[in-house]
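Data first, discussion second: the structure below is written as structure tokens.
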């Protein structure tokens, strides 16, 4: 039997590389780990995992067909756990970065239920930012009521 430990990496096919690098580094908190222009690939460090960005017109990404857009996406969403998750601080940071917030709720994930925020990256990929497991306290319940669109 195979026993999984955690997520190693995920790969997003992208049309416009630099705005995606900016979003994931400046807004989400990743860092560039390794640029591989020969493959049209950039590895972004996301905690102990990687988010790989491959250009749809590069050697690796072109094998996947049409790029992400209104008629099709490469995935529904992926979830990143946020260390020291503070709903107000995360929400303010996203808003200051010009990122529209999606629904804020307590959702189930790998470590149980916890507060999370949905948003989209510059190419429309769904991103969920999730805090630690636990039932929302009164403050978090109030924040959900105030911040949900």
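The values are calculated or read from the model by the stated rules, or taken from the named source; none is laboratory data. Just so we're clear, the structure is a prediction, and the values are computed from it rather than from any experiment. Cβ sites come from the backbone with ideal geometry, for glycine too, and all protein chains shown count toward neighbours.
Selection of the stretch 96-119 for residues being in a strand (DSSP E or B) and touching a strand residue (DSSP E or B) at 6+ places or on another chain (Cβ under 6 Å) yields 104, 106, 107, 109, 112, 113, 114, 115, 116, 117, 118, 119. Only one of the listed residues (60, 55) is at pLDDT 85 or above and farther than 17 Å from residue 128 by Cβ. That residue is 55.
Would you confirm whether any residue within the stretch 9-20 is out of contact with any strand residue (DSSP E or B) (no Cβ under 7 Å at 6 or more places or on another chain) and part of a helix (DSSP H, G or I)? Walk me through how you get there before you give the answer.
Within the stretch 9-20, the first condition is being out of contact with any strand residue (DSSP E or B) (no Cβ under 7 Å at 6 or more places or on another chain), and the residues that meet it are 15-16, 18-19.
Next, from what is left, pick out any that are part of a helix (DSSP H, G or I): 18-19.
Yes, some residue in the stretch 9-20 is out of contact with any strand residue (DSSP E or B) (no Cβ under 7 Å at 6 or more places or on another chain) and part of a helix (DSSP H, G or I).
Of the candidates 99, 90, 135, the single residue that is at pLDDT below 90 and either surrounded by fewer than 17 Cβ atoms within 10 Å (Cβ to Cβ) or not assigned by TED's automatic domain parsing to the domain that holds residue 41 (or both) is 135. Each residue in the stretch 1-28 was checked for being closer than 19 Å to residue 119 by Cβ and at pLDDT below 85, and 0 of them qualify. Counting the residues of the stretch 26-38 that are crowded, with 16+ Cβ neighbours inside 10 Å and not in a loop (DSSP other than H, G, I, E, B) gives 1.
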